[in-house]
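Just so it is clear, none of the values below were taken in a lab; they were calculated from the coordinates. Owing to the predicted nature of the structure, the values given are computational and were not obtained by experimental measurement. All Cβ positions, even for glycine, are placed from backbone atoms using ideal geometry, and neighbour counts span all protein chains on display.
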Amino acid sequence: MIAALLILAIALGSLITFGVFAYDKLRARLGGRRVPEATLYLLSGLLGAPGGLAAMLVLRHKTRKPAFWLVNVGLCAVQALLVVAALVLGR
């Protein structure tokens, strides 16, 4: 049960994070006001790292910034470990 809720939370967080990355990419192209990088990091940290990483790859957004790679890949690993731990401990 906990694992299912965690997976659902990560999926929802990832969708939101992907959307905000996409919005920031659009604003970058149009020359408008951008989403602060701290907000993108925060969303990735709040169970949205898979969405942030997917947005980086699909939208080619923030790919030149090593810190974004490090944070999103690292948080994806942590979030995956949380799911594995929830699955193992939930038995």
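Some notes on this structure:
- For Rg and Dmax of the Cα atoms in Å, the value computed from the atomic coordinates appears in the list (i) 32.7, 103; (ii) 21.0, 59; (iii) 14.0, 51 under label (iii).
- Springs join every pair of Cα atoms under 10 Å in this Gaussian network model of the chain, and among ALA54, ALA80, ALA38 the largest mean-square fluctuation is at ALA38.
- The chain, relative contact order in percent, only Cα pairs under 8 angstrom and at least six apart counted: 36
- The angle between the Cα long axis of helix 66-89 and the main principal axis of the chain comes to about 20°, on a 0 to 90 degree scale.
- Residue by residue, the stretch 2-17 carries 3J(HN,Hα) couplings of 5, 4, 5, 5, 5, 4, 4, 5, 5, 5, 5, x, 5, 4, 5, 4 Hz when phi is fed to the Karplus relation 6.51 cos²θ - 1.76 cosθ + 1.60 (θ = phi - 60°); x denotes Gly or Pro.
- The stretch 15-41 residues near the modelled VAL58 label - backbone nitrogen below 17 Å, point 7 Å along Cα→Cβ: 15-27
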